[in-house]
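J.: Here's a structure for you.
The values are calculated or read from the model by the stated rules, or taken from the named source; none is laboratory data. If you're wondering where the values come from, they're calculated on a predicted model, not measured in any experiment. Cβ: placed from backbone, ideal geometry, glycine included. Neighbour counts: every protein chain shown.
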């Protein structure tokens with residue numbers, strides 16, 4: 001497991017080289033953004049220690065989407081702290097079925113890459129191959145959210161029907177889930193790019209426009225290192241790469 005990393009005042013990165021989850025703190029408490037895979041649970045307390053908080057300070061869990069590598073510790077955090085789990089309603093059924101979805105591009109192309117097998121092996125060892133059923137979520141709607149950090153929820157469908165980004169303006173942080181990755185988890189390629197396993201790749205590429213004009217020092221993906229050159233530059237790179245790959249909708 002990787003060590004927790006303080007990215008900015010009140011912003012902590014957790015996870016491994018394969019997948020990220022995050023903490024955001026202000027004077028009202030802590031919000032967890034995404035939830036990794038089940039065996040990442042021991043990372044929570046070390047992450048909270050970095051910002052001088054305890055598990056009782058956790059007030060909310062925000063899920064960018066319902067894929068199993070983003071929901072893993074959500075139930076555990078909820079059960080231990082009482083923090084509500086927030087998820088877009090269009091992903092609620094997927095959360096109840098352990099993140100099942102049908103991608104619009106062939107998985108076979110991704111399985112040609114060694115990194116894909118390393119990813120799936122990591123998930124299997126860490127409980128991601130059978131993620132928890134997540135139900136009783138609070139529905140996310142677009143706009144400001146009354147949780148620590150006061151993020152704005154921005155619908156960015158395509159990777160999943162209810163995929164949502166979260167802009168924590170006071171922290172200068174934009175959490176993009178799997179709208180963009182900076183390390184491709186099946187191909188191992190670096191730099192801002194669109195993800196594999198989208199339910200609608202054209203829609204995901206269209207959703208890039210929802211974040212490109214936002215002001216954020218940190219663009220924080222579900223996979224890969226933080227991007228520090230702003231959302232507009234990240235979106236531009238992602239579009240160029242998608243076009244070069246010949247992806248539908250690019």
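J.: Please indicate, with yes or no, whether at least one residue in the stretch 111-130 is at pLDDT below 95, more than 16 Å from the chain's Cα centre (by Cα) and over 21 Å from residue 19 (Cα atoms).
T.: No: zero hits.
J.: When you scan the stretch 216-240, how many residues do you find that are within 23 Å of residue 14 (Cα to Cα) and either out of contact with any strand residue (DSSP E or B) (no Cβ under 7 Å at 6 or more places or on another chain) or assigned to a loop (DSSP other than H, G, I, E, B) (or both)?
T.: From the stretch 216-240, those within 23 Å of residue 14 (Cα to Cα) are 216-231, 234; that's our starting set.
Next cut, either out of contact with any strand residue (DSSP E or B) (no Cβ under 7 Å at 6 or more places or on another chain) or assigned to a loop (DSSP other than H, G, I, E, B) (or both) only: 216-217, 222-226, 228-230.
Result for the stretch 216-240: 10.
J.: Limited to the stretch 168-189, what total is found for residues that are surrounded by fewer than 24 Cβ atoms within 10 Å (Cβ to Cβ) and under 20 Å from residue 218 (Cβ atoms)? Working first, answer last.
T.: As a first pass, look at the stretch 168-189 and keep what is surrounded by fewer than 24 Cβ atoms within 10 Å (Cβ to Cβ): 169-172, 182-184, 186-189.
Imposing the further condition that a residue be under 20 Å from residue 218 (Cβ atoms) reduces the set to 169-172, 182-184.
Total meeting the criteria: 7.
J.: Check whether at least one residue in the stretch 147-157 is in contact with a helix residue (DSSP H, G or I) (Cβ under 7 Å, 6 or more places away or on another chain), within 17 Å of residue 68 (Cβ to Cβ) and in contact (Cβ under 8 Å) with a residue 12 or more places away in the chain, and report yes or no.
T.: Scanning the stretch 147-157 turns up no residue that is in contact with a helix residue (DSSP H, G or I) (Cβ under 7 Å, 6 or more places away or on another chain), within 17 Å of residue 68 (Cβ to Cβ) and in contact (Cβ under 8 Å) with a residue 12 or more places away in the chain.
J.: Still on this structure, please answer the following. Filter the helices (runs of 4 or more DSSP H) completely within the stretch 48-166 down to those with at least 2 residues that are in contact with a strand residue (DSSP E or B) (Cβ under 9 Å, 6 or more places away or on another chain) and surrounded by 14 or more Cβ atoms within 10 Å (Cβ to Cβ).
T.: Numbers: elements: 74-81, 92-96, 114-125.
Filter on the stretch 48-166 gives 74-81, 92-96.
J.: Just one of the numbered conditions (1) out of contact with any helix residue (DSSP H, G or I) (no Cβ under 8 Å at 6 or more places or on another chain); (2) surrounded by fewer than 17 Cβ atoms within 10 Å (Cβ to Cβ); (3) assigned to a helix (DSSP H, G or I) is not true of residue 43; which one?
T.: Unmet for residue 43, out of (1) out of contact with any helix residue (DSSP H, G or I) (no Cβ under 8 Å at 6 or more places or on another chain); (2) surrounded by fewer than 17 Cβ atoms within 10 Å (Cβ to Cβ); (3) assigned to a helix (DSSP H, G or I): (2).
J.: Which count do you get for residues in the stretch 173-193 that are without any contact (Cβ under 8 Å) to a residue 60 or more places away in the chain, outside any strand (DSSP E or B) and over 13 Å from the mean Cα position of the chain (by Cα)?
T.: 1
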